[in-house]
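Notes to accompany the following structure.
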Amino acid sequence: MTTSDEFKKQLQAGRIVDALTLALAESVELEITTWVSSANSEAKTSSVSDEPPASSRMRTRLNIVEGSIDTEVGSQFIANGPYTELRQFHMDQVQSGRQIIQHNLENLQQIFTVLTRTLAQLPPSSRRSTDPLLSPSSQDDLS
């Protein structure tokens, strides 16, 4: 099941906190992989059938919680390799990925703000959960 499907399932079940937790967990990390597939057997010798061999891929993992960017560049993308022109394409995708993460976090912040304000306006008896994550604290500025 995809993350999107799991998110929808959690929302439909009324588990808003679980849905938002899933969304938050997925929004802090992004993996971008650029790879060249071929009809030869090299791609089929990889230990995972859907994963290309390391020499035929570039992979970047962005994690904003850890503040890390890890990039792997296969040998076919450097020096006189046949795919050096794809390096710029990959870097453009990484830059787009950074913008996607930033946009996702801004959206989540807006969702949390709306959710907190909505819950603060509900009478305590109508709240579906007693989960403290759903209840605003006395320190929250909800005005």
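The values are calculated or read from the model by the stated rules, or taken from the named source; none is laboratory data. Quick caveat: nothing in here was measured; it's all calculated off a predicted structure. Here Cβ is always computed from backbone atoms with ideal geometry, including for glycine, and neighbour counts include all displayed protein chains.
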(Q) Can you tell me which residue is modelled with the lowest pLDDT among those in the range 36-58 that are hydroxyl-bearing (Ser, Thr, Tyr) and surrounded by 10 or more Cβ atoms within 10 Å (Cβ to Cβ)? (A) SER46
**Q.** Top-ranked residue of the range 1-35 - restricted to ones that are crowded, with 17+ Cβ neighbours inside 10 Å and within 25 Å of GLY74 (Cα to Cα), ranked as modelled with the lowest pLDDT
**A.** LEU30
Q.
Can you say whether GLU85 is closer than 16 Å to GLU26 by Cα, out of contact with any strand residue (DSSP E or B) (no Cβ under 6 Å at 6 or more places or on another chain) and modelled with pLDDT of 80 or more, as far as the supplied structure shows?
A. no
Q) So which residues in the range 59-82 are modelled with pLDDT of 85 or more and either of a type in the set (Val, Ile, Thr) or more than 19 Å from GLU31 (Cβ to Cβ) (or both), if there are any at all? A) THR60, ILE69, THR71, VAL73, SER75, GLN76, ILE78, ALA79, ASN80, GLY81, PRO82
Q: Please list, ordered by first then second residue, the pairs with beta carbon atoms under 8 Å, 6 or more apart or interchain, first in the range 98-123 and more than 15 Å from ALA25 (Cβ to Cβ), second at pLDDT 85 or above.
A: ARG98/LEU62; ILE100/LEU30
Q. What are the residue pairs meeting all of these: first residue in the range 51-70, first residue hydrophobic (A, V, I, L, M, F, W, C), second residue buried (at least 17 other Cβ atoms within 10 Å of the Cβ) and modelled with pLDDT of 90 or more, Cβ atoms under 6 Å, and 6 or more apart or on different chains?
A. ALA54/GLY74; MET58/THR34; MET58/VAL73; MET58/PHE77; MET58/HIS90
